[in-house]
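Visitor: Here you go, one structure.
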Amino acid sequence: ELSEEERLFDELVANEQRIEPRDWMPDAYRKTLIRQISQHAHSEIIGMQPEGNWITRAPSLKRKAILMAKVQDEAGHGLYLYSAAQTLGITRDEMMEQLITGRAKYSSIFNYPTPTWADMGAIGWLVDGAAICNQVPLCRASYGPYGRAMVRVCKEESFHQRQGFEILLALMRGTDEQRQMAQDAVNRWYWPSLAMFGPPDDQSPNSAQSMKWKIKRFSNDELRQRFVGMLVPQAEILGVTLPDPDLRWNEDKGEYDMGEIDWDEFFEVLRGNGPCNAERLERRRTAHEDGAWVREAAAEYARKQAARSEG
Ligand code: FAQ
């Protein structure tokens, strides 16, 4: 027998209406949202590092200004998402603690290095491209603050993706060396970007329940497939080769067949053993510690303001 509040919750979800912070919700729903939203926020914050690496070395003032604006957008997305998670009853301090102690997950993709300028193009084109494919359906997530946050985030991500595409296009129209640099970056980022969608459906423990709750709208494999379908014509325009010899159109299925993702590599990265996991966490931890005086000053300022308005 369902309680009145459970019935109301189920009805809101069934009718495509939004669950809001003060509504009753099952504990497991709250927990899974905190998990997903905080991981997403951490991804945006850690995701600033691979590109931050190139801000001082961008090839022109214009490129530098654009890259700075993009990385700043990512900070904004992170803060926006932490706020959405806070509406579920977890604090920023708790989330930050989970991140810097290595207990929280963030997207596998940000544990790969960015040795060349072309990596800025490949990240924009492939990583932001994958992010958009994954996040457009999340705009309809049943939890109001998350869905609404995704609307703005997706608008900015689509600008980011074009920005990356344009970097690669400029390189592909350049010298042989530049074309080679662009192709090399695509070769290194292609497979990790496909892994961003998460494990295959039959190894995705959270999917079924998240789909029932209308947090997720499509499975990991469905979104991966959609992403590849989007990339193929764009790769043709760029003149880059996608590094999958098994990639070909399957007329019967109406979708692309593709090669096998290296899932051992993916799970190793999740266990903390990717090429840059230690470096990313260490930098985040140091930045957090170095910023302690800012937090103290802000808290002291707030305390004084409160005392003044009381007096
Ligand atoms: N990396 O059962 P499922 C960006 C974990 S975009 C690490 O399928 P779920 C923009 C998963 O958490 C990147 N871990 O899980 C940007 C779970 O472990 P848990 C961030 C992964 O939640 C661009 C376990 O594997 N985007 O930042 C990954 O139903 C450029 C089993 O998986 C989002 O977070 C992975 N790739 O589906 C910024 C989007 N995949 O938690 C800077 C929102 C799976 O049980 C520069 N999140 N795992 O311990 C989602 O849509 C979902 O959480 C999925 C995973 C699809 C990522």
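The values are calculated or read from the model by the stated rules, or taken from the named source; none is laboratory data. Here the structure is a predicted model, which means the values were calculated and not measured. Note: ideal-geometry Cβ built from the backbone for every residue, glycine included; neighbour counts use all protein chains shown. We work out accessible area using only protein heavy atoms, side chains counted, and drop any ligands, DNA or RNA first. Shrake-Rupley method; radii C 1.70, N 1.55, O 1.52, S 1.80 Å.
Visitor: Where does the charge balance sit around residue 245 when Lys and Arg score +1, Asp and Glu -1, over other residues with C-beta under 14 Å from its C-beta?
Guide: Details: positive: 248; negative: 244, 246, 257, 260.
So the surrounding residues net to -3.
Visitor: With the cut-off at 28 Å, tell me which of the pairs 214/253; 105/155; 155/304; 70/212; 31/64; 155/216 have Cα atoms farther apart than that. It would help to have the intermediate numbers written out before the result.
Guide: Values: 214/253 26 Å; 105/155 25 Å; 155/304 38 Å; 70/212 34 Å; 31/64 39 Å; 155/216 19 Å.
Table pairs above 28 Å Cα-Cα are 155/304; 70/212; 31/64.
Visitor: To continue, here is another question. Pick from 53, 250, 220: which residue has the top mean-square fluctuation in a GNM of the chain where Cα pairs under 10 Å get a spring?
Guide: Checking each option, the largest mean-square fluctuation is seen for 250.
Visitor: At what distance in angstrom do the alpha carbon centres of the stretch 148-184 and the stretch 116-131 lie from each other?
Guide: 6
Visitor: Order 66-73, 118-125, 263-270, 41-48 from most to least packed using the mean count of other Cβ atoms within 10 Å.
Guide: Ranking, from highest mean packing down: 118-125, 41-48, 66-73, 263-270.
Visitor: Over the chain, what is the mean sequence separation of C-alpha contacts under 8 Å (at least six apart), divided by residue count, expressed as relative contact order in percent? Before the final figure, lay out the partial values.
Guide: Numbers: 341 pairs, mean separation 57.1, N = 311.
Answer for the chain is 18 percent.
Visitor: Now, a different point. When the dipole is taken about the Cα centre of the stretch 161-311, and only Lys, Arg (+1) and Asp, Glu (-1) are charged at their Cβ, what size is it in debye, to the nearest 20? Present the calculation step by step, with values, prior to reporting the outcome.
Guide: Numbers: 21 positive and 27 negative charges, 229 e Å.
In debye, rounded to 20, the stretch 161-311 gives about 1100.
Visitor: Using only the alpha-carbon atoms of the chain, report the extent along each of the three principal axes, biggest first, to the nearest angstrom.
Guide: 69, 52, 32
Visitor: Further, regarding this structure: How large is the dipole of the chain about the Cα centre if only Lys and Arg carry +1 and Asp and Glu carry -1, each at its Cβ, rounded to the nearest 20 debye? Numbers along the way, then the final one.
Guide: Details: 39 positive and 48 negative charges, 260 e Å.
The dipole of the chain has a size of about 1240 debye.
Visitor: Right, another one. Using r as the Cβ-Cβ distance of residue 5 and residue 83, and R0 as 25 Å, what FRET efficiency do you calculate, to the nearest 0.05?
Guide: Working: r = 25 Å, r/R0 = 1.01.
It comes out at approximately 0.50.
Visitor: Could you work out how much longer the chain between residue 72 and residue 211 gets when fully extended? Use 0.36 nm per residue separation minus the Cα distance between them, nm to one decimal.
Guide: Details: separation 139, 0.36 × 139 = 50.04 nm, distance 3.18 nm.
Residue separation times 0.36 nm, minus the Cα-Cα distance, leaves 46.9 nm.
Visitor: Could you work out how far apart the two model spin labels at residue 158 and residue 270 are, taking each label as a point 7 Å from the Cα in the direction of the beta carbon, and quote it in nm?
Guide: Roughly 3.1 nm, to one decimal.
Visitor: Using 0.36 nm per residue of separation minus the Cα-Cα distance, give me the extension gain between residue 248 and residue 151 in nm, one decimal.
Guide: On the way: separation 97, 0.36 × 97 = 34.92 nm, distance 3.28 nm.
That pair, residue 248 and residue 151, stretches by 31.6 nm at full extension.
Visitor: Using a 1.4 angstrom probe on heavy atoms only, work out the carbon and sulfur share of the accessible area of the stretch 204-251 in %. Before the final figure, lay out the partial values.
Guide: Working: 1380 of 2520 Å².
Its accessible area is 55 percent carbon and sulfur atoms.
Visitor: Under the Kirkwood approximation for Rh and a Cα-based Rg, what ratio Rg/Rh is obtained for the stretch 102-245? Write down the numbers at each step before the final one.
Guide: Working: Rg = 16.0 Å, Rh = 16.0 Å.
Ratio value, two decimals: 1.00.
Visitor: Right, something else. Compute the distance in nm between two label points, each set 7 Å from the Cα along the Cα-to-Cβ direction, one at residue 262 and one at residue 17.
Guide: 5.0
Visitor: Still on this model: Can you give the three extents of the C-alpha atoms in the stretch 1-57 along their principal axes, from longest to shortest, in whole Å?
Guide: The principal-axis extents, from largest down, are 62, 19, 17 Å.
Visitor: Is there a quick way to get the dipole size of the stretch 139-207? I mean about its Cα centre, with the Cβ of Lys and Arg at +1 and of Asp and Glu at -1; what is the value in debye to the nearest 20?
Guide: Numbers: 8 positive and 8 negative charges, 79 e Å.
The calculated dipole for the stretch 139-207 is roughly 380 debye.
Visitor: Where only protein heavy atoms count, and the probe is 1.4 Å, what is the accessible area per residue for the chain in Å²?
Guide: Details: 16250 Å² over 311 residues.
For the chain, the per-residue accessible area is 52 Å².
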